[in-house]
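Chemist: Before I ask anything, here is the structure I am working with.
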Amino acid sequence: MRLILLGAPGAGKGTQAEIISEKYNIPTISTGNIIRAALKNGTEMGLKAKSYIDAGELVPDEVVIGIIKERLAEPDCMGGFILDGFPRTIPQAEALDNMGITIDCALSIEVADSEIVKRMSGRRVCEKCGASYHTEFKKPEVDGVCNLCEGKLVIRKDDEPETVLNRLNVYHEQTEPLKSYYENQNKLLIVQGQQELKETTALVLKALSEI
Ligand code: ADP
Ligand code: ZN
């Protein structure tokens, strides 16, 4: 299965991606995680991306398109993949189409802005491995410590409240039009995000089982 996950920042794409990834045994490709890893390693791409990410802006199309092209060419993507956070603009979606890759479905997880703002304030990430947690909805076993690697859990700089509002604007302006883009290709599936993570997962898996 070749799947795109759409949805506002904080809609829970990453969490659902992990679950789908395990169930269908396909890798998740998260541009956000790839960019943050590059940033941490101090690569040239990471340095270029930093100011955009910190401001809640999108990294330029050509940068992310380059990243995805390389990543999708790796052998583990041959049997399918989940794209989490790509495409985020129409030019990115067109670039993907032009790579000759046929997507089975673009699944949009819908969550109201007010709910997003609430959720983002509780989001924490492991500074070592990037795993994500939530102070209310996805608590680690030990407060402030990553279950997977025992790294310290921190607030991402772009999860600060003002940046979140900007990211939401960017989402509505640049990413939401992708819903029509994929609807026109008859590939759009919509799932309403629920309070409970598990309930959203159930809806997501049901939608995927029907394609
Ligand atoms: P979230 O899904 O919570 O918004 P991500 O981890 O996917 O966060 O992305 C974090 C940041 O990385 C974005 O705000 C943006 O600056 C950058 N980024 C990630 N994916 C893309 C993309 N496809 N195009 C442009 N910028 C991106
Ligand atoms: Zn960790």
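Chemist: Compute the Cα gyration tensor for region 17-64, then decide on rounded, prolate or oblate, letting a ≥ b ≥ c be the square roots of its eigenvalues: rounded whenever a/c is under 1.5, prolate when a/b is larger than b/c in the other cases, and oblate in all that remain. Please report the intermediate quantities before stating the final value.
Modeler: Working: a/c = 2.75, a/b = 2.20, b/c = 1.25.
Since a/c reaches 1.5 and a/b is larger than b/c, the shape of region 17-64 is classed as prolate.
Chemist: Applying the Karplus parametrisation 6.51 cos²θ - 1.76 cosθ + 1.60 with θ = phi - 60° to the phi angles of region 203-211, what ³J(HN,Hα) value in whole Hz is obtained for each residue in order, glycine and proline being reported as x?
Modeler: Values, residue by residue: 5, 5, 5, 5, 4, 5, 6, 9, 8 Hz.
Chemist: Quick one: grab the alpha carbon gyration tensor of region 75-211, order the square roots of its eigenvalues as a ≥ b ≥ c, and give me rounded if a/c is under 1.5, else prolate or oblate depending on whether a/b is larger than b/c.
Modeler: Details: a/c = 1.69, a/b = 1.52, b/c = 1.11.
Prolate.
Chemist: What is the distance, in nm, between label points placed 7 Å from the Cα along the Cα-to-Cβ direction at Glu136 and at Glu162?
Modeler: 2.5
Chemist: Comparing Ser51, Ser132, Ser30, which has the greatest mean-square fluctuation in the GNM of the chain with Cα pairs linked when under 10 Å apart?
Modeler: Fluctuation is largest for Ser51.
Chemist: Which residues' amide hydrogens lie under 5 Å from the amide hydrogen of Lys138, considering only partners 5 or more residues apart or on another chain, with H built in the peptide plane?
Modeler: none
Chemist: Could you work out which residue, out of Thr175, Thr43, Thr89, moves most in a Gaussian network model of the chain, that is, has the largest mean-square fluctuation with Cα springs under 10 Å?
Modeler: Thr43
Chemist: Quickly estimate the mean residue ellipticity at 222 nm for the chain, helices only: each DSSP H run with n ≥ 4 gives -39500 (n - 2.57), and the total goes over all residues, rounded to 500.
Modeler: Taken over the chain, the calculation gives -13500 deg cm²/dmol.
Chemist: Quick one: how many lysine pairs does region 147-207 have with C-alpha atoms less than 29 Å apart and a gap of 8 or more or different chains? Give me the count, please.
Modeler: Total qualifying Lys-Lys pairs in region 147-207 comes to 9.
Chemist: Taking 0.36 nm per residue of sequence separation and subtracting the Cα-Cα distance, how much length would be gained by fully extending the chain between Glu94 and Asn41, in nm to one decimal? Before the final figure, lay out each step's value.
Modeler: Numbers: separation 53, 0.36 × 53 = 19.08 nm, distance 2.97 nm.
Full-extension gain reported as 16.1 nm.
Chemist: Next question, about the same structure. Using only Cα atoms, locate the centre of region 132-153 and the centre of region 67-85, then give the distance between them in Å, rounded to an integer.
Modeler: Centre-to-centre (Cα) distance: 28 Å.
No value in this document is a laboratory result; all are computed from the given coordinates. Everything numeric in this text was worked out from a predicted model, so none of it was measured. Here the Cβ is made from the backbone with ideal geometry for all residues, glycine too, and neighbour counts use every protein chain on show.
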